[in-house]
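Report on the following structure.
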Amino acid sequence: MFDRYAAAAWIGTPLDDALNVGIRNLSVEFAAGGPDALAAQVEAAIRTTRDLLPAEPAGRLVRWASSVLSLDDFLVTRILEIAVHSDDLAASVGIPTPELPTEATEIVLGLLTRLAAHRHGPTAVLRTLSRAERAPAAITGI
């Protein structure tokens, strides 16, 4: 899963890149029915997931885009997306970011830390997290 993000072609692409525009257009389609309809879709997905997920076999593989991941790794990618985009959404409407369960936060921070170290080098991440006065001027994203 780490390798999937580390090699992702979309990292660093501009906001007007075709892939980013396509994602935004798809999001607009999902939200077209308004907030109540979208909330109902989310609730239905949560119910379905709660019913089906526990029955999945250990070691199950999931095809996602051009990757094949274990179910556990796939779920980590979804937790990361929920964390990042919950923050995006909250910031866009001026409300506090919802707090995620501790386990989810630890998973996301672990993955993002590994990706940042891969992209910027471990010393840059170490300094960013522990010595702001020696942190690189720009260490953002993955």
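The table that follows gives values for the structure above.
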| item | result |
| --- | --- |
| Candidates 79, 107, 23: whichever shows maximal mean-square fluctuation once the chain is modelled as a Gaussian network with Cα springs under 10 Å | 23 |
| The chain: calculated mean residue ellipticity at 222 nm from DSSP helix runs of at least 4, using -39500 (n - 2.57) | -20000 deg cm²/dmol |
| Tail fraction, Cα-Cα pairs, the stretch 101-142, threshold 12 Å, whole percent | 57 percent |
| Shape category assigned to the stretch 1-55 from the gyration tensor of Cα positions, a/c cut at 1.5 | oblate |
| For the stretch 98-141 versus the stretch 35-78, the gap between their alpha-carbon centres in whole angstrom | 26 Å |
| Hz values of 3J(HN,Hα) by residue in the stretch 12-25 - Karplus curve (6.51, -1.76, 1.60), Gly and Pro given as x | x, 6, x, 4, 8, 4, 4, 5, 5, 5, x, 5, 4, 5 |
| For residue 8, residues with placed amide H under 5 Å, excluding near neighbours | none |
| Interatomic Cα distance distribution for the chain, bins of 5 angstrom, percent | 2, 8, 12, 18, 21, 19, 11, 6, 3, 1 |
| Radius of gyration, Dmax [the stretch 57-100; alpha carbons; angstrom] | 13.9, 41 |
| Using a Förster distance of 25 Å, the FRET efficiency for residue 134-residue 46 (Cβ separation, nearest 0.05) | 0.05 |
| For the stretch 85-94, Karplus couplings with θ = phi - 60° (6.51, -1.76, 1.60), whole Hz, Gly/Pro x | 7, 5, 5, 4, 5, 4, 4, 5, 10, x |
| Under Karplus coefficients 6.51, -1.76 and 1.60, residue-wise ³J(HN,Hα) of the stretch 75-83 in Hz, glycine/proline x | 5, 4, 5, 6, 5, 4, 4, 4, 4 |
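Taken together, the values in this text are just the output of simple stated rules run on the coordinates, not laboratory data. In this text, all values refer to a predicted model and were calculated from it rather than measured experimentally. Cβ: placed from backbone, ideal geometry, glycine included. Neighbour counts: every protein chain shown.
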